[in-house]
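All remarks here apply to the structure that follows.
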Amino acid sequence: MAHFSDCGKHCSDPYCKQKDMLPFECDACGKTFCAQHFKYDAHQCPHGNTTKDRRVIVCPLCDMALPCDAKDEQSSVHVFDRHVASGACAPSVKTKPRCPVKGCREKLTFSNSCQCGSCGLKVCLKHRFEDQHECRPTCRQSAGAFGSSLMQQLQRLVK
């Protein structure tokens, strides 16, 4: 039978003292805390460094990260307004490629695209077979030539 009495540590908060199996160690004061008291504010850390708390908002137009004040909720609105007004915001146009088969409107992503082994064309999964798209092999060898060269190699190996 397993005994876990020697595992974990007690929370350093004077009113908690809960034994936690996965305790957190404060990087500012070095004391051990439970999941409820590991934040600087939760255990009134005297050495709590608020400069480590950095937050950003991502501009929905240009995907640029904009640093904002962690304490003020309205800061993000002001930061975004300044960003747009500055002219630094250049909307990025990201369109996913579409399947090149005539009449197909499927967007090609990582999980629903396939590259044809014969012609190298990137198509959707519906058109992945050679007879489903206009397949034009790049280095095509006729079946007869391939078969005869294979037979010649086999005859050389037998001799």
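The values are calculated or read from the model by the stated rules, or taken from the named source; none is laboratory data. Here the structure is a predicted model, which is why all the values come from computation and not from measurement. For neighbour counting, all protein chains shown are included, and Cβ atoms are generated from backbone atoms with ideal geometry for every residue, glycine included.
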**Fill in**
Within segment 4-30, the count of residues that are surrounded by 13 or more Cβ atoms within 10 Å (Cβ to Cβ), more than 34 Å from the chain's Cα centre (by Cα) and in a loop (DSSP other than H, G, I, E, B) comes to 5
**Message:** Whether any residue in segment 142-154 is at pLDDT below 90 and assigned to a loop (DSSP other than H, G, I, E, B) is what I want to check.
**Reply:** yes
**Request:** State whether the residues of segment 83-106 include one that is closer than 30 Å to residue 27 by Cβ, of a type in the set (A, V, I, L, M, F, W, C) and modelled with pLDDT of 75 or more.
**Result:** no
